[in-house]
1. Which ranges mark the helices (runs of 4 or more DSSP H) fully within region 1-102 that have 3 or more residues being buried (at least 16 other Cβ atoms within 10 Å of the Cβ)?
2. Quick one: residue 95 ticks every box in (1) in contact (Cβ under 8 Å) with a residue 12 or more places away in the chain; (2) more than 13 Å from the chain's Cα centre (by Cα) bar one, so which box is it?
3. How many residues, within region 26-45, are modelled with pLDDT of 95 or more and β-branched (Val, Ile, Thr)?
4. Looking only at region 34-52, decide whether some residue is among the β-branched types (Val, Ile, Thr) and within 13 Å of the chain's Cα centre (by Cα).
Amino acid sequence: MSSVSSTSLSFSPVTLPFTREAVIKVLEWGAHPVGAPHSHKQIAEWCDRFWCQYIEVDAPPEIESLLPILADVETQWDLYLINTYQIEELRSRSFEDERLPIEWFEDWLSKVKP
């Protein structure tokens with residue numbers, strides 16, 4: 001389990017548009033978290049918001065191909081926390097300083113980049 005000081009991170013949500021370019025940008029932040037403007041938690045939350053935009057509507061093909069990756073980022077975040085912390089900690093901590101393995105972001109990026 002890896003954590004980082006959150007002093008350099010913004011605690012505001014990622015506000016990028018829901019585009020392929022933005023997905024690449026947030027995954028790059030995840031793959032290079034030192035100096036990134038947002039935490040892995042915020043990246044996972046943004047991926048979830050993006051994915052949720054297309055729950056009940058057909059996504060354009062360029063977005064459709066991103067949806068499994070977005071869902072995986074958010075799902076792996078949740079699973080990582082559940083498998084790492086006790087229920088009491090899950091209820092009381094913010095997890096802004098928690099990091100997923102960098103290799104996961106590198107793998108997701110390899111699936112998104114042309």
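1. Values: elements: 20-31, 40-52, 61-64, 67-84, 87-92.
Passing ranges, in order: 20-31, 40-52, 67-84.
2. It is condition (2) that residue 95 fails.
3. 2
4. Restricting attention to region 34-52, the residues satisfying the condition of being among the β-branched types (Val, Ile, Thr) are 34, 43.
From the residues that got through so far, the ones that are within 13 Å of the chain's Cα centre (by Cα) too are 43.
Yes, there is a match, as at least one residue in region 34-52 is among the β-branched types (Val, Ile, Thr) and within 13 Å of the chain's Cα centre (by Cα).
The values are calculated or read from the model by the stated rules, or taken from the named source; none is laboratory data. Just so we're clear, the structure is a prediction, and the values are computed from it rather than from any experiment. In this analysis, Cβ positions are derived from the backbone assuming ideal geometry, glycine residues included, and neighbour counts consider all displayed protein chains.
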